[in-house]
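Here it is: the structure, laid out below.
Derivation of every value follows stated rules applied to the coordinates shown; laboratory data play no part. Just so it is clear, the model here is predicted, and its values are computed rather than measured. Cβ sites come from the backbone with ideal geometry, for glycine too, and all protein chains shown count toward neighbours.
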Amino acid sequence: MGRDVGFGVVGCGVVAGYHINGILETPGARLAAVSDVVEGRAREFGERHRVAWTTDYHDLLKREDIDVINVCTPNGMRLPLAEEAAQAGKHLVIEKPIAISLKEADRIIATCARMGVHLMCIFQLRCGRAAMALRKAIQEGRLGRIVLADAAIKWFRPQAYYESAAWRGTWAQEGGGALMTQGIHTVDLLQWMMGPVRAVSARMATLVHRIEVEDTIVATLTYATGALGVIEATTAAHPGLPAKIEICGDRGTAALEADQITTWQVEGMERPVDMGGGSEVGKAASDSKTFGAEGHRAQITEMVEVVRGGKRPTVDGPEGRKAVELVLAIYESARTGRTVELPLK
Ligand SMILES: NC(=O)c1ccc[n+]([C@@H]2O[C@H](COP(=O)([O-])OP(=O)(O)OC[C@H]3O[C@@H](n4cnc5c(N)ncnc54)[C@H](O)[C@@H]3O)[C@@H](O)[C@H]2O)c1
């Protein structure tokens with residue numbers, strides 16, 4: 001492809017700004033047009049970035065200068081946009097979670113495969129330097145046999161956050177609360193580092209916010225390796241702590257907070273030099289708009305290479321689906337009071 005890779009952003013809300021900045025800052029990427037069902041938002045984004053805007057995303061699917069559609073609509077509003085975009089031959093960058101049901105996720109993945117277009121799911125925390133280094137150490141066996149692998153997402157969102165858009169806080173359109181929308185990033189990191197989870201047992205509650213979905217949830221995990229773990233997630237812990245992953249093995253213990261290694265006690269291995277500072281990708285403990293933009297930029301940069309034929313997306317559809325399956329298993333256990341085994345049927 002001789003020209004720049006053209007991107008069209010659908011859904012001009014909070015996260016769209018991260019996609020647009022990523023596109024504008026990536027050599028070889030070009031923002032071609034934006035769309036939102038709310039005319040004022042579409043116009044504002046379009047005029048600010050001097051690109052075409054529309055309230056009907058079909059206009060973007062017809063444009064030949066758009067190669068990639070960035071799906072920045074709410075969690076439960078991926079279909080039919082994602083399927084129609086794939087059918088129009090557009091590659092997709094989809095925000096997390098890929099969908100709020102496995103049925104929808106599988107439809108999106110299958111349509112992209114059938115149409116021969118690439119599907120990238122945003123899980124920008126995987127681009128964090130400290131997260132990558134910790135995963136490598138675990139996979140090389142530097143911590144020994146892992147016995148416990150835990151995640152704690154003790155964040156805060158005010159009631160006003162849930163009232164800022166009608167989809168937030170609803171099972172039908174958000175598909176869950178503290179775990180599906182906020183915790184899922186750390187859930188994804190945990191399963192990316194540890195491999196598949198075999199069984200979960202969970203409890204959830206809505207303790208502080210006036211919303212349908214949970215604002216507090218706890219799950220115990222059994223990994224396929226036999227290791228055990230706990231996930232705790234809330235959006236009601238004022239003022240919000242950095243999301244934490246703690247991994248304990250029989251030769252070492254390490255903890256990751258946001259994208260910094262805060263504990264490193266590993267027999268025979270110095271804290272890797274590049275683990276110190278970390279990056280800003282994981283910081284959203286108190287506000288959904290305060291995390292660093294470098295993760296989205298890194299994924300957009302990768303998408304340019306993908307479209308040009310150099311590689312496949314690192315976080316493709318099946319990769320993006322894994323954390324959703326784990327979250328849904330945890331919800332099923334919390335609803336039924338039973339231990340739920342994975343993979344889900
Ligand atoms: N990766 C991250 O760290 C991160 C951060 C924030 C949000 N997100 C995800 O991004 C998605 C959007 O979240 P947000 O906070 O930006 O939401 P938002 O409510 O601020 O924005 C969503 C926008 O989509 C628009 N929209 C809905 N249906 C549409 C359609 N059919 N066509 C065009 N526009 C449509 C809405 O009008 C709204 O402007 C969610 O899935 C969320 O989980 C990810």
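What does the charge count around GLY89 come to, taking other residues whose C-beta lies under 14 Å from its C-beta (Lys +1, Arg +1, Asp -1, Glu -1)?
Surrounding charge for GLY89 is -1.
With Cβ to Cβ distances under 11 Å as the rule, what net charge do the other residues near ARG168 carry (K, R +1; D, E -1)?
Result for the local shell: -2.
Taking amide H positions as placed 1.01 Å from N in the peptide plane, with prolines and chain starts having none, which residues 5 or more places from THR206, or on another chain, fall under 5 Å of its amide H?
Residues meeting the criterion, in which the H sits 1.01 Å from N, are ASP215.
Do you know the relative contact order of the chain, to the nearest whole percent, from alpha carbon pairs under 8 angstrom that are 6+ apart?
20 percent
A further question follows. Once you list every other residue whose beta carbon is under 15 Å from the beta carbon of GLU332, what net charge do they have if Lys and Arg are +1 and Asp and Glu are -1?
+3
Still on this model: Please determine, in degrees from 0 to 90 and to the nearest 10, the orientation of helix 184-194 with respect to the longest principal axis defined by the Cα atoms of the chain, where the helix direction is its Cα long axis.
Between the helix axis and the principal axis of the chain, the angle is about 60 degrees.
Counting other C-beta atoms within 10 Å, and keeping those with at most 15, which DSSP coil trypsin sites (Lys or Arg not before Pro) do you find in segment 189-230?
Taking segment 189-230 and a limit of 15 other Cβ atoms within 10 Å, the loop trypsin sites (Lys or Arg not before Pro) found are ARG210.
For the chain, what is the mean residue ellipticity at 222 nm derived from helices alone (per DSSP H run of n ≥ 4: -39500 (n - 2.57); sum divided by total residues; nearest 500 deg cm²/dmol)?
-9000 deg cm²/dmol
What is the percent of Cα-Cα separations in segment 139-246 that go past 16 Å?
58 percent
Which of rounded, prolate, oblate describes segment 7-80, given a ≥ b ≥ c as roots of the alpha-carbon gyration tensor eigenvalues and a/c under 1.5 marking rounded, otherwise prolate only if a/b is larger than b/c?
rounded
Mind putting together the pair-distance distribution for segment 197-345? All Cα pairs, 5 Å bins, whole percent per bin, short to long.
For segment 197-345, the pair-distance distribution reads 2, 8, 12, 14, 17, 19, 16, 8, 3, 0.
Label points 7 Å out from Cα along the Cβ direction at HIS49 and ALA88: separation in nm?
Spacing of the two 7 Å Cα→Cβ label points: 1.5 nm.
Under the Kirkwood approximation applied to all pairs of distinct alpha-carbon atoms, what is the hydrodynamic radius of the chain in Å?
Across the chain, the inverse of the average 1/r is 20.4 Å.
May I pose another question? List the GluC sites (Glu not before Pro) in segment 33-122 that DSSP assigns to loop (not H, G, I, E or B) and whose Cβ has at most 16 other Cβ atoms within 10 Å. Which are they?
Those that pass, being in a loop and sparsely packed, are GLU64.
Among DSSP bridges having both ends in the chain, what percentage is antiparallel? Round to the nearest 5.
60 percent
Next question. Between their Cα atoms, which of LYS96/LYS345; LYS136/LYS322; LYS244/LYS322; LYS154/LYS311; LYS90/LYS154; LYS90/LYS322 are more than 31 Å away from each other?
As for pairs spanning more than 31 Å Cα to Cα, those are LYS154/LYS311; LYS90/LYS154.
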